[in-house]
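No value in this document is a laboratory result; all are computed from the given coordinates. Everything quoted here is computed from the prediction, not taken from an experiment. Every residue, glycine among them, receives a Cβ derived from its backbone with ideal geometry; neighbour counts consider all protein chains shown.
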Amino acid sequence: MATIKKAIPNLDLKANIKSLQSKISGFDDELAFVKAINEKKLISHKVSKPLEMVAYKSDSNDGTTMLALPGTIRIFLANSNSLLLKKLKASIASGKVEAQSEAMKAIAKVIADRKLTDRKTAQKMILEAENLFEFTCGTKTLLDGGILPNNDEITYMDIPYCGTPFPKKFPPIPSVILDEYCGTGPKPRPKFDGLVVIHEPSLSKLEIDAFKLIPEANREMLIGGSTVAIGTSVWYVSAVAAVAVVVMTVTAGCAKPGLLRDIRLDESTIKKFGPQRAAAQLIALREKALISGM
């Protein structure tokens, strides 16, 4: 169920955005841009809802047709009327691998036709966008200040994931929340929907024993954060890292599933760092694999 935080009354969003833009000379000041985004979010209606989460498993070595790569969480975001998202959800409900592959091919085709833009243009697009979105999981921000540029229909991001030592318990992580900032009009007009696909990696006994020692309240430590988000054609700003805009390039299916499956923690790493820091090491290894495409 969605929750709504009303916008601050008596504020003209367009006038406010012009004011914010005037504070940023040429959008060169990274911190000023982050501040402008935060101010825009502050005065906007905020609609929050948990995204549907599904478990997925595949032994395929073709990353281009998989709903998510092994050892990752894939978050799809789309316009609420997206036929591609509806087709994807229907394919999952059917349980048919062929239907799922066809749905992913259709999404990949749309993404492949996109063109990237320069940083200044992207910043301007974010400031002028009617709606912004972000993803959170527990206390962790997965993506902050995102938009779907150029009225794109759908996109997704891949987040490295350690896996759970409690496979029978679903979901293995706290709910992924879609927060949407919907301007200052009389009523909030949310326009996004999404889906979370979790591809559990196979864990060794060493990893299972180590991850069981991580308190349940800290389960979000088993996933990456906003600085390691891999995805396709979403513009987003990371206020935590004070990075103005990161252009997420097409990496879908580049990382080889078989090599991702082989990324493991060894006994020496677990003994040296302890369960929580060892989990961070595993996240870093999977992040590197996703970025490089292996």
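With a 10 Å radius around each residue's Cβ, average the other Cβ atoms per peptide and rank 101-109, 58-66, highest first.
101-109, 58-66
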Quiz item: Any idea how far apart GLU39 and ASP113 come out in nm if each label point goes 7 Å out from Cα toward Cβ?
Solution: 3.8
Quiz item: Can you list the aspartates and glutamates whose alpha carbon is less than 16 Å from that of LYS89, not counting same-chain residues fewer than 8 positions off?
Solution: GLU52, GLU98, GLU102, GLU153, ASP193
